[in-house]
Amino acid sequence: MSPAQRIEEQAAEWIAIRDGDQWNERLQRQLDAWLAESALHRVTYLRLDSVWKRADRLQALHEAPVRPAVPRPRSRPWRAWLMQMQPRAAIASVAVAAAVITASSWAPGDRQTTQLGERKTIALPDGSRLTLNTATRMRTSMDGGHRRAWLDQGEAYFDVAHDPKHPFEVWAGPQRVVVLGTRFTVRRAGDRVQVAVLEGRVQVLSETAAPLTLLPGQTATALGAAPTVTTQTPRQAAIALGWLEGTLVFDRISLADAAAQFNRYNRKQLVMGNSKAAQLLIGGTFGATNVDAFARLLHSSFGLDVVERGDTIVVRSPEN
Amino acid sequence: MTGKERDAWFVDQVLPLEPVLERFLRRNWRDADEIADLRQEVYARVYEHAVPARLESVQAFVLTTARHLLIDKARRGKIVSIEAYADLEAIDAVADEIGLERRLNARSELRLLQAALALLPPRCRQVVELRKIEGLSQREVADQMGITEDTVERQVSKGVRALADAMLKTGASADSALADDRSSSVHRGNA
């Protein structure tokens, strides 16, 4: 057996022990010590551990039916109407009873939140996975044959498991997104909602506008009224998803726009000191929560004046 | 970057490149038995030496690290082979997009897992299924199967290694799963 094979055997043993019922602090310390011994131990362990975690998704194969919920007390008035969805190749024709919950303090679903600069991935029982971006508040509910999520604030990436019998719905203010199984992101800031499709098809239903079908590469942006649709290249789509890895990817955008993106993730806020700095075009990949490193780079690579004052970092282009 | 962040970066950014790395190693190293060890050594070096914030392309970094490792090994083994030096496959630094878009959708991931599961020896497979699908604890698995907890632990250890090899190395089958997926229209590489 080669040294690497022996290490893999040890790593697998650690995973198996941790998977058991006898795990305790002492064992954790021993594992930490073994991991610290060499990078080879650590990468071998990470490789196996990531696979064992991915295997959690197999619970989607569990035979038990989606458990019907205990009927919720209907203490608030409901406004309901029937929405007829047109037959399409990728989306089955299903008459869906849609209910709009008028402004109420009763909010259904299990809560999920992230802090400023935090990122979190949740696995849902149906096999879907959601990743929450910075400062996001969401609720999810898989009861009574429905699959629902409510995006109250922030941004999330949805990787929805295909299930023609149970369409997945995302409610974001006045917009509602209905899918069967696909990948997309939704971002909400108050009444401004943006839906970007990466794979599959998505229907965007608004209270006032006609239903809208989005294809991969398309993004719908709505501010209260009817959404407008733009199309992006696969490269632009990949760039926009940098946050899933905790990075911001810039491809020739203004420093002002780049700063606005950073400011979503950091307590220290970048402020443009003059228009010359604001209009500077930059590119590159950066850690989203490392605004200090970015500011240092602006100084060292672009020669900008960077002054920190309390919770702001003011960036100016020197006049000469 | 903290240890935890480095771990997450490694899992998110480097591990998905395993099929690419495997292909590279197989094409440029004669001894097939040594490939797994070489791969792990590349991972260790990448983990230790990468500066993630400064990397334009993780793929290029991984393959460059692999290339240097092979050259080192060739030198030390005194292998007189022009291949080892000159003809090492050109590092194709095409797009991080491949890394980002290689993310499998929920359906393909489940299919990949099921395919990997099907390759396990029967007892090992049953243990993994009881743990992961039915959610039984190791003690409950032992009771249900009439075996000791030690045996369950051994089967988990075997199972995780087999699953890793099936899932991480065969990015090829994951790609074709994506290509078959009718609803997928994400472009790869040269869009």
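A Förster radius of 35 Å, combined with the Cβ-Cβ distance separating A:Arg111 from A:Gln5, puts the computed FRET efficiency at roughly 0.15. Per-residue mean of foreign Cβ neighbours for A:238-251 is 4 (Cβ atoms of other chains, 10 Å radius).
When the surface is traced with a 1.4 Å probe over the full set of protein chains, A:Leu223 keeps roughly 130 Å² accessible. Each part reduced to its alpha carbon centroid, segment B:25-60 and segment A:245-320 end up 33 Å apart. Hey, got the dipole for segment A:175-320? About the Cα centre, +1 on K and R Cβ, -1 on D and E Cβ, debye to the nearest 20? The calculated dipole for segment A:175-320 is roughly 180 debye. Coupling constants for segment A:8-20 follow from the phi torsions by the Karplus curve (6.51 cos²θ - 1.76 cosθ + 1.60, θ = phi - 60°), and in residue order they are 5, 4, 5, 4, 5, 5, 4, 5, 5, 5, 5, 6, x Hz; glycine and proline get x.
Take every pair of alpha-carbon atoms less than 8 Å apart whose residues are at least six positions apart; their mean separation over the length of segment A:132-191 yields a relative contact order of 32 percent. The mean number of partner chain beta-carbon atoms within 10 angstrom of a residue's beta-carbon across peptide B:2-10 is 3. Placing +1 on each Lys and Arg Cβ and -1 on each Asp and Glu Cβ, with no other charges, gives segment A:254-307 a dipole about its Cα centre of roughly 120 debye. For segment A:267-283, backbone phi angles converted through the Karplus equation (6.51, -1.76, 1.60; θ = phi - 60°) give residue-by-residue couplings of 5, 6, 9, 7, 10, 7, x, 8, 5, 4, 5, 4, 8, 4, 9, 10, x Hz, Gly and Pro being listed as x.
Taking the Cα centre as origin and putting +1 on Lys and Arg beta-carbons and -1 on Asp and Glu beta-carbons, what dipole magnitude results for segment A:134-221, to the nearest 20 debye? Intermediate values should be presented prior to the final figure.
Working: 11 positive and 9 negative charges, 6 e Å.
Dipole of segment A:134-221, to the nearest 20 debye: 40 debye.
Extension gain, A:His146-A:His62: 0.36 nm per intervening residue step, less the Cα-Cα distance, totals 28.5 nm.
In the P(r) worked out for segment A:246-320, what percent of Cα pairs fall beyond 16 Å?
Result: 41 percent of Cα pairs exceed 16 Å.
When peptides A:190-199, A:153-162, B:30-39 are sorted by average Cβ neighbour count within 10 Å, with the highest value leading, the order is A:153-162, A:190-199, B:30-39.
The values are calculated or read from the model by the stated rules, or taken from the named source; none is laboratory data. Just so we're clear, the structure is a prediction, and the values are computed from it rather than from any experiment. Positions of Cβ are backbone-derived with ideal geometry, glycine not excepted, and every protein chain shown enters the neighbour counts. Just so you know, the surface numbers come from the protein's heavy atoms only, side chains and all, with ligands and any DNA or RNA stripped out. Shrake-Rupley method; radii C 1.70, N 1.55, O 1.52, S 1.80 Å.
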